[in-house]
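Readers should treat all values here as calculations from the given coordinates under stated rules, not as data from a laboratory. Because the structure is predicted, anything quoted here is derived from the model rather than measured. Cβ placement follows ideal geometry from the backbone for every residue including glycine, while neighbour counts extend to all protein chains displayed.
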Amino acid sequence: MPIDPTLPYDEANIFAKILRGEIPSKKVYEDDHALAFHDIAPQAPVHILVIPKGAYVSWDDFTAKASDAEIAGFARAVGHVAREAGLVDAGYRVLYNVGVNGGQEVPHLHAHIFGGKPLGRMIG
Ligand code: 5GP
């Protein structure tokens, strides 16, 4: 079910548990600002999620409230993860689902990085 984007941050969400090490993930990268791990149900040959370490519900929440250092650190982490995954030459897609129309299901900001095959044009 898509999340209600007006609700406050839920410390019990699945990505908060991954950040706290309470449930496992297939980690690909971690630094002071971000953690990256493979999506549990990949929708492309490469499907990596990058999440900020701070408690932000969505891209909207993050870009409204995070510090410049958090935003820069997270953006650099997304680029770094894609480079390290070898996606740059062939190309890739970064996607943020936001709120109900965006179909966001986990209420902790996450960038989807998709690659490894031609992804088609935009939506659908
Ligand atoms: P959203 O629809 O919120 O943008 O995407 C949530 C993503 O999180 C989905 O692609 C889903 O497969 C992934 N996901 C949900 N639960 C888990 C989990 O426990 N571990 C991992 N690695 N991915 C998850």
#### Entry: trypsin sites (Lys or Arg not before Pro), loop per DSSP, at most 13 other Cβ atoms within 10 Å - longest free stretch of the chain
27-120
#### Entry: Exposure rule at most 13 other beta-carbon atoms within 10 Å, DSSP loop GluC sites (Glu not before Pro): the chain longest free segment
23-104
### Query
Can you give me the pair-distance distribution of the chain, C-alpha pairs, 10 Å bins, whole percents?
13, 46, 36, 6
### Task
Quote the relative contact order of the chain in percent (integer), defining contacts as alpha-carbon pairs under 8 Å separated by 6+ residues.
35 percent
### Query
If Lys and Arg each add +1 and Asp and Glu each add -1, what is the summed charge of the other residues whose beta carbon sits under 13 Å from the beta carbon of Lys17?
-2
### Task
Treating the angle as unsigned and between 0 and 90°, give the value, to the nearest 10°, between the Cα long axis of helix 68-84 and the longest Cα principal axis of the chain.
30 degrees
### Message
Taking the Cα centroid of the stretch 90-124 and of the stretch 6-31, what is the distance between the two, rounded to the nearest whole Å?
### Response
18 Å
### Task
Please go through the residue pairs Lys26/Lys53; Lys65/Lys117; Lys27/Lys53 and name each one whose alpha carbons sit more than 23 Å apart in this structure.
Lys65/Lys117
